[in-house]
1. How are the C-alpha pair distances of the stretch 1-72 spread across 10 Å bins, as whole percents from the shortest bin up?
2. Can you compute the FRET efficiency between residue 156 and residue 26 using 1/(1 + (r/R0)^6), with r the Cβ-Cβ distance and R0 = 22 Å? Round to the nearest 0.05.
3. If a paramagnetic tag sat 7 Å from the Cα of residue 13 along the Cα-Cβ line, which residues of the stretch 39-71 would have the backbone N under 17 Å from that point?
4. Provide 57, 132 in ascending order of the number of other Cβ atoms located within 10 Å of each residue's Cβ, fewest first.
5. Set the Förster radius R0 to 25 Å, insert the Cβ-Cβ distance between residue 166 and residue 55 as r into 1/(1 + (r/R0)^6), and round the FRET efficiency to 0.05.
6. Given bins 10 angstrom wide, list per bin the percent of all Cα-Cα distances in the stretch 30-70, short to long.
7. In what order do 52, 39 fall by count of nearby beta-carbon atoms within 10 Å, going from fewest to most?
8. How long is the gain from residue 33 to residue 87 if the chain were fully straight, where each residue apart is worth 0.36 nm and the alpha carbon distance is subtracted?
């Protein structure tokens, strides 16, 4: 944790609520970007970003100053995103069960993904299981190291490596197996 984060947290816990605004401004954009990648919706991302900062403020007393603040904040954000995505998935599943079209399920969409650009990869990330999507987003979009990713997700370093590896395999599968050589 940078000393400025540590100083701000000390000030916040001492009663200076305005110091929290500095932390929010410092980390709002990366948290919003994470939420946007997880939800693909500006409104949902804004709501989840706000929820993340509210929850972090409420739990700031529980923060251990010996570890970096940003991965701790990411963990809170990821938990907010997971809860949100579970709710969305449950409602989508209910709607899909009412209006399922067997023709759509058999379409692999391989012709649609002939070349993998950033937009296509972003779209395909939404099809990955939440655990794999989280790992890939944190590692490649947010640039966290494997150990930071493990800390943010509350798993071991080897578990983080496995999620990244399996997520990449699933992503390649969805891309039509264009990189089978690895």
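1. Answer for the stretch 1-72: a P(r) of 20, 51, 25, 5 percent.
2. Values: r = 29 Å, r/R0 = 1.31.
Given R0 = 22 Å and the Cβ-Cβ separation, E is 0.15.
3. Correct set: 56-71.
4. Working: 57 14, 132 21.
Least crowded to most crowded, the residues run 57, 132.
5. Numbers: r = 29 Å, r/R0 = 1.15.
With R0 = 25 Å, the Cβ-Cβ based efficiency is 0.30.
6. Per 10 Å bin, starting at zero, the Cα-Cα P(r) for the stretch 30-70 comes out as 31, 41, 25, 3 percent.
7. Values: 52 26, 39 19.
Final ranking by Cβ density, sparse to dense: 39, 52.
8. Details: separation 54, 0.36 × 54 = 19.44 nm, distance 2.03 nm.
Here the answer is 17.4 nm.
Every number in this text was worked out from the coordinates using simple rules, so none of it is lab data. Keep in mind that this is a model prediction, so the values were computed, not measured. For neighbour counting, all protein chains shown are included, and Cβ atoms are generated from backbone atoms with ideal geometry for every residue, glycine included.
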